[in-house]
Amino acid sequence: MNKIRPYILAETNWQTLKDASFDLAILPWGATEAHNYHLPYATDNYEADYLAAEGARLAWERGAKPIVLPTIPFGVNTGQSDIYLDININPTTQLAILEDILTTLSRQGIYKLMIFNSHGGNNFKPLVRELGLKFPKMFICFASWFQAMNREDYFVKDGDHAEEMETSLILYLKPHLVLPKSFWGKGSSKKFRINAFSEGWAWAERKWSEVSEDTGIGDPELATAEKGEKFFTDVSKKMGDFMFDLCEADLENLYE
Ligand SMILES: [Zn+2]
């Protein structure tokens, strides 16, 4: 990248911003954690950085005014306390961070916030509910890019952590950070013995280190950079359309 992107807060400057105004703040939120043996600890952050930036670029080029805030690099990793240097921040810490950011945005007249979620352990719904009451002028929403597409349209093997999808994305975005294929673990994982958890209507935290030996969930074997590129392009487009819609939305007239 050899040009300042005006929709990326980390790159722009006071010269530009002193007279600027934006309609939507986008807050990418990742995690710092092991991703099988072969992917970098910042996998979720790289995904968030690149996807949020590309989505915002597409919305910007259609005339919308989004601004992407710096990615929050730590997420909820309460189930991985014994995995070396997986850095957990608690949901209550996330609430405090969001409250401070919303205080700035609402004071400065940016009334729309989209949390761009890149990590399965982050659960923003209860936080958005609580913050919505505290900031009645703000429209707060979140989207998880990894749920935006039908993943069977892109990938053969299922999974949800360092699997074919994430390995393909990092092969495309940061190929020099992916260890050679001989290091890729199988990503096989155990399920709860109690059926209700597998059926999806009951939930308990999984103790990650007992569920997966290589920390992956899902076999990355069939991952390729080409699959990563196609998926990246389609997710960015979908997120960009969403960002555009949010920028355009009239907060007084949201329902039909
Ligand atoms: Zn991940």
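The values are calculated or read from the model by the stated rules, or taken from the named source; none is laboratory data. Predicted, not measured: the structure shown is a model, and the values here were computed from it. Every residue, glycine as well, gets a Cβ built from its backbone with ideal geometry; the counts of neighbours run over all protein chains shown. Protein only, heavy atoms only, side chains kept; ligands, DNA and RNA dropped before computing areas. Shrake-Rupley method; radii C 1.70, N 1.55, O 1.52, S 1.80 Å.
Things to note:
- Count of region 185-220 residues which are over 23 Å from the mean Cα position of the chain (by Cα) and either within 30 Å of R57 (Cβ to Cβ) or part of a loop (DSSP other than H, G, I, E, B) (or both): 11
- Filter result for the condition that a residue is more than 26 Å from K186 (Cα to Cα) and out of contact with any helix residue (DSSP H, G or I) (no Cβ under 6 Å at 6 or more places or on another chain), over A59, A52: A52
- Among (1) open to solvent by 30 Å² or more (accessible area, probe 1.4 Å); (2) acidic (D, E); (3) within 16 Å of the ligand (Cβ to nearest atom); (4) more than 12 Å from the chain's Cα centre (by Cα) - the single one D19 does not satisfy: (3)
- Residue that is farthest from the chain's Cα centre (by Cα), among those in region 1-16 that are among the β-branched types (V, I, T) and open to solvent by less than 30 Å² (accessible area, probe 1.4 Å): T12
- Single match in G132, G120 (criterion: of a type in the set (G, A, S) and open to solvent by 50 Å² or more (accessible area, probe 1.4 Å)): G120
- One residue stands out among those in region 51-99 that are under 16 Å from G121 (Cβ atoms) and small (G, A, S): the one that is surrounded by the fewest Cβ atoms within 10 Å (Cβ to Cβ), which is S81.
- Pairs, first more than 17 Å from P175 (Cα to Cα) and open to solvent by 20 Å² or more (accessible area, probe 1.4 Å) in region 29-44, second assigned to a loop (DSSP other than H, G, I, E, B) and among the β-branched types (V, I, T), C-beta under 8 Å, six or more apart: T32/I87
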